[in-house]
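Enquirer: There's a structure below that I have some questions on.
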Amino acid sequence: MRDKITVLSARVLQSENRSKFQERGINLQEHNFLNFSYRATSELYSRISDTRKPLILTSQHACLALQKMQHQQDNQGLRSKTAYCIAGRTQLLAGQIGIKVIASASNSLSLAKQIIKNEEDSLFYCTTETRLDHLESTLAAANVSLEIDIVYDKILKPMAMKDTDAILFFSPSQIEAYLMKNELLSRIPIFCIGPTTAKAARGLGYTNIIVSPQSTESSIVEECVLYYQNE
């Protein structure tokens, strides 16, 4: 492995994943290129807790918004809910809230296919204003109806960064925020947490992309560490 490798993470990593770089002598830069705010209103919580439709949760931030609502309302109205979730932290948080996960998948398109396979006809989608339409268009084509509520907002946090040897991206919005004050150089490999983020990078004409085997923070970190070990 070369000396003085520097990796930029487009969000602050969990301590156990940060230590994986430190243990291997890799310098790590971290910056949260996104912030999030949660719409934890009583009216929104009532709509979600009263619905009999299964929920769709494609982001950990949807779960964090629900968790905040639950704490503010001081009741267990979500513990009777079922949901389709993205695997990993989103699914874990849903379980902590008390939501029963019907099925999970590594990305939105695969989750939509699972919903269609289970012959669902109507669901409640907890999401954000700025999102990709893979899930919605796939479900619409199969005549699956969605009730959509915005439960959180994304806030871009661009920042000019120092030179780096690689970048970890966890969402298309992070790529958008990064490019507001930086450029993606073709010589620099970018590690993407899943196919959705990788597709966004390819859509910008970028090809030096490595996709983590699983859509988890630990997987993308391990993939990056392995890349430099094998150089």
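Nothing in this text is a laboratory measurement; each read-out follows from the coordinates by a stated rule. Please read all numbers here as calculations on a predicted model, not as lab measurements. Cβ sites come from the backbone with ideal geometry, for glycine too, and all protein chains shown count toward neighbours.
Enquirer: Antiparallel as a % of all DSSP beta bridges within the chain, to the nearest 5? All intermediate terms of the calculation are to be shown ahead of the outcome.
Expert: Numbers: 5 of 36 bridges.
Around 15 percent of the beta bridges assigned by DSSP in the chain are antiparallel ones.
Enquirer: Then there is this: What FRET efficiency would be calculated for the residue pair E23, M161, taking the C-beta separation as r and a Förster radius of 30 Å, to the nearest 0.05?
Expert: The value I calculate is 0.80.
Enquirer: Is there a quick way to get the dipole size of the chain? I mean about its Cα centre, with the Cβ of Lys and Arg at +1 and of Asp and Glu at -1; what is the value in debye to the nearest 20?
Expert: Value, rounded to 20: 160 debye.
Enquirer: Separate question: If packing is taken as the average count of other Cβ atoms within 10 Å, what order do 110-123, 59-72 fall into, highest mean first?
Expert: Highest mean packing first, the order is 59-72, 110-123.
Enquirer: Let me ask something else about it. What value, in deg cm²/dmol to 500, does the helix sum -39500 (n - 2.57) over DSSP H runs of n ≥ 4 give at 222 nm once divided by the residues of the chain?
Expert: My calculation for the chain gives -11500 deg cm²/dmol from helical runs alone.
Enquirer: Okay, next question. Between Q114 and Q73, what is the spin-label point distance in nm, taking each point 7 Å from the Cα along the Cα→C-beta axis?
Expert: So the two model labels end up 2.4 nm from each other.
Enquirer: OK, next. What lysines sit close enough to K154 to cross-link, taking a C-alpha to C-alpha distance under 27 Å and skipping anything fewer than 8 places away on the same chain?
Expert: K53, K68, K81, K100, K113, K162, K181, K199
Enquirer: Among all helices in the chain defined by DSSP H, which have a length of 15 Å or more along the axis from Cα atoms plus a Kyte-Doolittle mean of at least -1.0?
Expert: Length and hydropathy pass: 60-73, 217-229.
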